[in-house]
Amino acid sequence: MSESQAGDWTAREAAEVTGRWKNEVERALHGKSEVVHKAILCLLAGGHLLLDDVPGVGKTTLAQALARTVDGDFRRIQFTNDLLPGDLTGMTIPASSDPGQPPTFRFQPGPLFGHLILADEVNRASPKTQSALLEAMSENTISVDGVSHSLPDPFFVVATQNPLEHHGTHPLPESQLDRFLMRLSLGYPDREHEARVLRQDPSMHALPGLEKILCTRDLIGLRRAAEAVKLEDSLLGYLLDLIEATRHHESLSLGASTRGALALRRAAQANALVGGRDYCIPEDVRDLAVDVLAHRVAVHSRGGLQPDSAESRWTLSEIVDRVPIPL
C-alpha cells in the first residue's frame, strides 16, 4: 500500500496508484475495464454507485474486488422485503445495570457502519427501509431514537438491482436515484473474455488473493486531490449548458438537478486526476455526462414519467452531441 499522507498526492502519483488499483480489480473482473474505471471514479469523487443489470454478470464481484483492494471495512447487506430500517442502522438495546438502578441503554451499530457497503438487490426493500439508506448516502450519518451517529470516512455504497424483475420490488424513487453519482451496467462479456472466465473462474480464485492497494487514509487523500483539480470557467459554462439542455429538451419532463451538476463536476475532476492531470479538459465532462445524468432525468411516455430508462440515456447522448464543446 502507498505510504502517502492525506492531501499529499500529486496528479502523477494519483494516476500511477489508481492504474495499479484498476489492474488489480480487473484480475477478478475480466473484460470490464471501462466499468472498473468509472467505479473507481465514483469512489474518488466521494459518490455512490448503482449497478443495474441482469443477475450473473459480475455486479457483486466488482463490489467485492473494490473492497478487497482497499484496506477498509466491507459490509454486504442482502436486501429483502422484510428488511427493517433498524437492520441497517442498528438500534438501541438494553445494557446491563445494577439491581435496583434505572435501566440503561446503549447503541448497537448496524451493518451500515463500514467503509464500503454492498446493498445487494436494493429495490427489494420497502420504501421505509430505503429511506434509512437515503440518509446515510446523503449525510454520512444515521439517526436512531433521535440521536445522530456519524458513519465511517470514507463511506461508499455500491447498490445493485435487477432491471427485469418486478414482482416483490419497490422501484427507487427519483430522490434516491439522485444520490447515486453514477448508474452503470456491466453487460455480457464478449466471447474471448467469457472463455477466460470459464477457464480461470476469477471470482473463485483471483478474488480472494487480491492485493490491498490503498488504505482508507490514502483514499481520503486522493479524494482531496480530486477536489483540488482545476475546472476553468469555460468548462464550467459547458457543464451548465449540458445541465440546462436537459431542462429544456422536448423529450424530457424532468431535467438534471443542481446535485446532478455537482456530481458531474466531481466526476470530471476525478477523471482528470486518474488521467494524471491537475486540470480538467472538455472530454472529462463530455465522456461522463450520460452515466452521471441519465438516471436523474425522466422522459415522457404513454405510461407516464419514466426515470432511469434506455430512452433517457439515448436522449442524454443526443444532448451531449448537440451542445458545443468550448474551444
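Rule-based calculations on the coordinates, nothing more; no lab input. Model, not experiment: these values are computed from the prediction. Ideal geometry is used to build each Cβ from the backbone, glycine not excepted, and the neighbour counts take in all protein chains shown.
If we count other beta carbons within 10 Å of each Cβ, what is the order of K230, K38, K212, K59, fewest first? If you can, show how the numbers build up before the last one.
Values: K230 11, K38 21, K212 14, K59 28.
Exposure proxy ranking, most exposed first: K230, K212, K38, K59.
Can you tell me the length gained on complete extension of the stretch D71 to R259, counting 0.36 nm per residue apart and subtracting the Cα distance? Intermediate values should be presented prior to the final figure.
On the way: separation 188, 0.36 × 188 = 67.68 nm, distance 2.94 nm.
Residue separation times 0.36 nm, minus the Cα-Cα distance, leaves 64.7 nm.
So what is the diffusion coefficient of region 134-277 in µm² per second by Stokes-Einstein at 4 °C and 1.567 mPa s, using a Kirkwood Rh over Cα pairs?
On the way: Rh = 19.3 Å.
The calculation lands on 67 µm²/s.
State to the nearest 20 debye the size of the charge dipole of region 1-159 about its Cα centre, where the only charges are +1 on K and R beta carbons and -1 on D and E beta carbons. Before the final figure, lay out each step's value.
Numbers: 13 positive and 20 negative charges, 70 e Å.
Dipole of region 1-159, to the nearest 20 debye: 340 debye.
Rounded to the nearest 500, what is the chain's calculated 222 nm mean residue ellipticity when only DSSP H runs of at least 4 contribute -39500 (n - 2.57) each, over all residues? Don't jump to the answer; show the numbers that get you there.
On the way: 14 runs with 142 residues, N = 327.
Calculated from helices alone, the mean residue ellipticity at 222 nm is -13000 deg cm²/dmol.
Among D98, D120, D284, what is the fewest-to-most ranking by other Cβ atoms within 10 Å? Numbers along the way, then the final one.
On the way: D98 7, D120 19, D284 27.
In order of increasing Cβ crowding within 10 Å: D98, D120, D284.
Spin-label point model (7 Å from Cα, Cβ direction): what's the A228 to C215 distance in nm?
With each label point 7 Å from Cα toward Cβ, the separation is 2.0 nm.
Under a Cβ-Cβ cut-off of 14 Å, what is the net charge of the residues other than S150 that fall near it, where Lys and Arg count +1 and Asp and Glu count -1? Provide the component values of the computation, followed by the final result.
Values: positive: none; negative: E135, E139, D153.
So the environment of S150 carries a net charge of -3.
In debye, nearest 20: dipole of the chain around its Cα centre with unit charges on the Cβ of K, R (+) and D, E (-)?
On the way: 33 positive and 44 negative charges, 41 e Å.
Approximately 200 debye in magnitude.
Amide H of T92 versus every other amide H placed in the peptide plane: which residues, excluding those fewer than 5 positions away on the same chain, fall under 5 Å?
Amide H to amide H, under 5 Å and 5 or more residues apart or across chains, T92 pairs with Q108.
May I ask you to sort R12, R266 by Cβ crowding, counting other Cβ atoms within 10 Å and putting the fewest first? If you can, show how the numbers build up before the last one.
Values: R12 11, R266 24.
Fewest-to-most ranking of R12, R266: R12, R266.
On each of the three principal axes of the Cα atoms of region 229-327, give max minus min coordinate, whole Å, ordered largest first.
Over region 229-327, Cα extents along the principal axes are 46, 23, 20 Å.
Over 26 Å between C-alpha atoms is what I'm after, so list which of K38/K128; K59/K230; K22/K230; K38/K212 land there. Mind dumping the intermediate values first?
Values: K38/K128 30 Å; K59/K230 33 Å; K22/K230 24 Å; K38/K212 19 Å.
Pairs exceeding 26 Å: K38/K128; K59/K230.
If you restrict to DSSP beta bridges whose two residues both lie in the chain, what percentage is antiparallel, to the nearest 5?
Numbers: 14 of 33 bridges.
Antiparallel bridges: around 40 percent, rounded to the nearest 5.
Taking 7 Å along the Cα-to-C-beta vector as the label spot, tell me the I325-E139 distance in nanometres, rounded to one decimal.
4.2 nm
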